[in-house]
Amino acid sequence: MPPSRRLHFFVCALLLLPLALPAQVRRDWSAFNQHIDITAWQGRHFKLTAAVRAQCIDSNAGSELWVRIDRLNTKMGFFYNMMDKPIRDSQWKIYTIQGKIDKDAKWLYFGGIYQHKGYYYFDDFHLWVQDAGSQWEEIPLGDGDFEGDTTAYRKNWFFYRNAHFFTPFLTTENPYQGKQAVKIDCSQPLDLQYYGTNDTAGHFLTANGIKLYYETYGQGQPLLLLHGNSSSIVTFEKQIPELSKHYRVIAVDSRGQGQSGEDGSTYTYDLFAEDMNALLDSLKLDSVNILGWSDGGNTGLIMAMKYPRKVRRLAVMGANIFIDKTVVYPWVFRLLKKDQEEADSDTTAWGANRRRLLTLLYTEPRHSFDELRPISCPVLVMAGEKDVIKEGHTRQIAAHIPQGRLLIFPGGTHEEPSEHPDIFNKAVEAFLQK
């Protein structure tokens, strides 16, 4: 994959922590980068410096610098994105990222990130590498000071475009030094809801010993939305607008994902089900409809098994009741192994959580088809014809639930809710309204 193309994958990764299975991309952030061949400086220490300032409009706004090193074997090496230290200062300051270049490094990517409403300014990027005598040697960058014309900065810097919200351009407005800086205008409202980070609809509460984040939309019977692995509420951005017309939608960030906290406990779907049961108790809801996608479907099935009075109707998409070679295709395990190897080299808290979520994917759930038989509520069991979950497994789930109904989307994948939302939403609504 060429370096410029690889950024599309990487930018999603650095903010959303995607693992083996695809995840939807948030629309309230964006980023830009430049990259250089770092082969000549393998094993050396480096530092990136840049001037940054941020005029934040909402409480979630901020910007960061980031650096990533790609190794010769295409695996990720050094990585840091300042997400633990977001920049919100309106005055120019120099920020630094330091680290060590991997011994088998090939590419070094660096740039800026920005999210939510605000105006973000970047200027005066410099990259330094220690020479054999431990002296700092500056590596030339393309238009690192943004003093060139528009053609120069577009040639040297790649901006991940987001037509909904972010507009980058060169500005003469109070640069850090010289005559120009780059400014990103993020002041205009999105043409869609801030799902997953909506200050108006969002709430926190403590349930099962952890802080859970959830958002509510619409009125009517409560409908609990449960997302997939390493994702968040934003996964359902194409479902919430439609479903909230008829239901009181309660979309939740699962433990250790999105804005929800965690306590270090081993991740299991049974634990996630306990969390949701405690959440419903805190909200004083005796029973709800549930829509679960992927991992969320696993959690929904376990809720129907362990807390049957809490589940009025359940719809699951791409769920599994146990995990082995009869459930998913061999390439899924190969991809999980590759991701695990990459995660093992990341010693940050981000990496530690990534490893735990990966472990969940290839060790859970641990139930059986026979455990589905006591489920008393109607259950719509859905999957794509080309899903990562084998069709035979999906059919067995539906067959072992007394009121189970099967729906295989022709030509569909694990991402049916986002790829064909109209078809998916109509199927869910028809089931819930019966």
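For the reader, a short list of remarks on this structure follows.
- Its Cα centre serving as origin, the chain has a Cβ charge dipole (Lys and Arg +1, Asp and Glu -1) of approximately 820 debye.
- Scattering curve values for region 218-277, log₁₀ I(q)/I(0), Debye with Cα scatterers, q = 0.16, 0.25 Å⁻¹: -0.53, -1.03
- The ellipsoid that matches the Cα gyration tensor of region 172-266 has semi-axes, each √(5λ) in whole angstrom, of 33, 20, 11, with the longest given first.
- The chain: relative contact order in percent, alpha carbon pairs under 8 Å with at least 6 residues between: 12
- In whole percents, the pair-distance distribution calculated for region 314-434 from its alpha-carbon pairs, binned every 5 Å from zero, is 2, 11, 18, 18, 18, 15, 10, 6, 2, 0, 0.
- For region 135-287: accessible area per residue (Å², 1.4 Å): 44
- Between helix 421-432 and the chain there is an angle of about 30 degrees, using the helix long axis and the longest principal axis of the Cα atoms.
- Computed label-point distance, nm, for sites E391 and W331 using a 7 Å Cα→Cβ extension: 1.7
- Mean residue ellipticity at 222 nm, helices only, the chain: -7500 deg cm²/dmol; runs of at least 4 DSSP H residues each add -39,500 (n - 2.57), and the sum is divided by the number of residues.
- For region 300-434, size of Cβ-based charge dipole, Lys and Arg +1, Asp and Glu -1, in debye: 640
- Cα-based reach from K337 at 20 Å (exclusive), listing lysines while leaving out same-chain residues under 8 positions away: K75, K325, K390
- Label-point gap, in nm, between L406 and T150 - each point 7 angstrom along Cα→Cβ: 5.8
- Using alpha-carbon coordinates, inclination of helix 3-16 to the longest axis of the chain, degrees: 60
- Taken as Cα centroids, region 266-281 and region 309-352 sit 17 Å apart, rounded to the nearest whole angstrom.
- Coordinate range of the alpha-carbon atoms in region 238-394 per principal axis, descending: 45, 35, 30 Å.
- In order along region 203-218, the Karplus-derived 3J(HN,Hα) couplings, from 6.51 cos²θ - 1.76 cosθ + 1.60 at θ = phi - 60°, round to 8, 10, 8, 8, 9, 6, x, 10, 8, 10, 10, 8, 10, 10, 9, x Hz, and Gly and Pro are given as x.
- Peptide packing: for 249-260, 222-233, 334-345, the average count of neighbouring Cβ atoms within 10 Å per residue gives the ranking 222-233, 249-260, 334-345, highest mean first.
- Given +1 at the Cβ of Lys and Arg, -1 at the Cβ of Asp and Glu and no other charges, the dipole of region 213-264 around its Cα centre is 220 debye to the nearest 20.
- In units of the compact-protein estimate 2.2 N^0.38 Å, the chain shows a Cα radius of gyration of 1.05.
- Tilt relative to the chain, helix 349-363 - C-alpha long axis, 0 to 90 degrees, to 10: 30
- Each peptide among 283-289, 303-309 gets the average number of other Cβ atoms lying within 10 Å of its residues, and from highest to lowest they stand as 303-309, 283-289.
- Cα convex hull, region 60-179: 140 Å³ per residue, rounded to a whole number.
- With the charge dipole of region 247-291 set up from +1 on Lys and Arg Cβ and -1 on Asp and Glu Cβ about the Cα centre, the Cα lying farthest toward the positive end among the listed residues Q259, N277, L291 is that of L291.
- Principal axis extents of the C-alpha atoms in region 203-326 (largest first, rounded to whole Å): 39, 32, 28.
The values are calculated or read from the model by the stated rules, or taken from the named source; none is laboratory data. The structure presented is a predicted model; accordingly, all values stated were derived computationally and were not measured. Positions of Cβ are generated from backbone atoms using ideal geometry, with glycine treated the same way; all protein chains shown enter the neighbour counts. Ligands, DNA and RNA are stripped out before the accessible areas are found, and what is left, the full protein with its side chains, is counted by its heavy atoms. Shrake-Rupley method; radii C 1.70, N 1.55, O 1.52, S 1.80 Å.
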